[in-house]
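What follows is a set of notes on a single structure, which appears directly below.
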Amino acid sequence: MDSRISVTSPLVILHGDEMAQVAFEQILKRFVSARLDIQLEEIDLSAEHRLLTNGQAVIDAIDALQRYGVGVKNAGMTVNRQQLEELLRKHPEVDSGNLHPLATKSPNGAIRKGISGNITREDIQFRNLKISRPDWIGRDIEVDTMELGGIKDSFNQLSLATGVVKLIFVGSSGDPVELHRREISKGDPWLLATNDMDDVKAWAHRFFQRAIDEKRDIYLGLKDTVIPGYDGAMRAVIEDIYHSDYRQKIDDLGLNYYYELIDAQAARIVSNPPERALWGVPDNTTGRKLFKLVNQLRKFGIPSRGAHVSISRMSAGGGDQYGSFNMPAQEDGILKVIVDGDEKHARRVREGDPILLMSNDREAIKDWVAQVFRDASRKDKEVYFGLKREYMEYDEVFSDVITEVRRELAQEHTPPPSFMIMRPSSQLKKMITDPPRNALYPSQNLDGDIFSDISAALGGSLATASSIIESKDGTMLFEAPHGTAHDLYLKYLESDGRDAHFNPSALIFALANALETLGEREGNEPLTEYAVNLKSALTETVDSGIVTADLKGKTMDPGSEQVVDMAGFLDAVERALQ
């Protein structure tokens, strides 16, 4: 007789890459297949399969989530240029000249946009974790960013009518060429930003020379995987200058150079700061936020976190940089933004200058703000919005929508939670240096990526946070906020699978959340109880002192910790579940 719990509703499983996938397969085997009679709708979202299907795997994932309503997503790898070239050499049958963007870009934004979902990330409530705060007071770290260009010097406004935005380029031929078009609705914000590549090159020379003069290790952070035609174009130029003009000098001084995606780099530097460093963040809107945060940390340090920190990230609609059109200019010329036949803005660009056109959906923003207020009201949280309203008409729509949602809630006799609107830099500083409240910090896409990774890292590990993507129609996607753990995967391969050090906590928690949601929706009490018990087994395992290497020394009683590998941790969770 089958003793497994019978589940009527299918569960969507989105597979990923590297060490996270090794862990995911073990989790599904132990906690799903062995215990539940359930239909799994499994889709391979690995980087290799996305390439081989020319992005169709991403479309299939969106379709499955829309049909079945609840899913679990594993971490997937976004390939850089070198990794893409390696995959193409491995699969010569792939037509590299006709690749869909979904074949090579991160699938996350497309999935969130496809299901119109927004992200909420929260700390998993491990009672036994006592995080040792890094010593930041007086830390010798400087942040260097570009003064001009980018979003700071963008042209942005709210659409006065429903219509079409066209980005037109006029080059040496004199003939207008349409680079991009998108539909917008009345009230939608849109923005055109460019950077002068000569300014980027000049900044790069100053940046590397400063590091040499001050004898600092060098950190460079951009988001080239998501914004390849903008951040990626800048990275290529900056690193060419590094290799041609400065690498040998830096090596001779015994200094180090590190490049990393800005969200992962920010998490690493804030939670494990180097002794002496120069942190280069060319994007000036991000750079100024991190500059102010670092100055605050050097002065006051990082306090103990005595409260639950949640971040809601505006993803639906594919807004801001994540849904942008971006590319380097192919030649010198003039860019024009045309809205329903009327020229709204024009500016000169030169060959190689990165171009960014982004917009957002007002209705998606409204859905997100309403979701933020609902979540805060349910869990009694204060809300701290971060908006750049003083020079960003683009951000005014958020302020207007907040007022509109508050009014609608009042008409429904639903009091909105306590909230405050501040600059994004102040929002980030408050989240890190003044977090005693049970608070929710709503952020747009790129800020949300950076802020949530910092918060999760300060919570002990990226594996000690949960991530929930929720759409207006009730589609729910649960995931771990960490990546694929590339370094751990290399060690796993080198040891023929014997060296498996990975913290599967966030993946277990995501699975349990998905199962609990299925149980509630189909009124399946045994399933709901099992999901709750699985979460309890996870937290009890850590509370008993059984931890993976990333949490070593971070419990209330480090002397009694039992540090285990991934298999040992999963064994312990299974025992606690009995």
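The values are calculated or read from the model by the stated rules, or taken from the named source; none is laboratory data. Just so we're clear, the structure is a prediction, and the values are computed from it rather than from any experiment. So basically every Cβ, Gly included, is an ideal-geometry build from the backbone, and we count neighbours across all protein chains shown. Surface areas here come from the heavy atoms of the whole protein model, side chains and all, with no ligands, DNA or RNA. Shrake-Rupley method; radii C 1.70, N 1.55, O 1.52, S 1.80 Å.
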With Cα atoms, 0 to 90° folded angle of helix 18-28 axis to the chain main axis: 30
Calculated from backbone phi, Karplus (6.51, -1.76, 1.60) coupling profile of the range 538-550 in Hz, x at Gly/Pro: 5, 5, 5, 4, 5, 5, 7, x, 8, 9, 8, 4, 5
Relative packing of peptides 489-497, 49-57 - highest average C-beta neighbours within 10 Å first: 49-57, 489-497
Within the range 378-407, whose backbone N sits under 15 Å from a point 7 Å along Cα→Cβ of Asp340? none
Karplus ³J(HN,Hα) for the range 40-45 (6.51 cos²θ - 1.76 cosθ + 1.60, θ = phi - 60°; Hz, whole; x = Gly/Pro) runs 9, 9, 9, 10, 7, 9
Largest-first semi-axes in Å of the equivalent ellipsoid built from the Cα gyration tensor of the chain are 37, 29, 26
J(HN,Hα) series, the range 56-63, from Karplus relation 6.51 cos²θ - 1.76 cosθ + 1.60, nearest Hz, glycine and proline x: 4, 4, 5, 4, 4, 5, 4, 4
Just to be sure I understand the model, the point goes 7 Å from the Cα along the line to the Cβ. What's the resulting Asp37 to Glu214 distance in nm? 6.6
Solvent-accessible area per residue, Å², over the chain with all protein chains present [probe radius 1.4 Å]: 42
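Report, as a whole number in µm² per second, the diffusion coefficient that Stokes-Einstein gives for the range 40-196 at 25 °C and 0.890 mPa s using the Kirkwood radius over alpha carbon pairs.
Calculated translational D: 119 µm²/s.
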Of all DSSP beta bridges in the chain, what percent run antiparallel (nearest 5)? 55
Carbon and sulfur: what percent of the chain's accessible surface (1.4 Å probe)? 46
Mean residue ellipticity (222 nm) of the chain, computed from DSSP H runs ≥ 4 via -39,500 (n - 2.57), nearest 500: -12500 deg cm²/dmol
On Cα atoms only, tilt of 362-378 relative to the major axis of the chain in degrees: 40
Label point distance in nm, Ser6-Gln83, each placed 7 Å from Cα along Cα→Cβ: 4.3
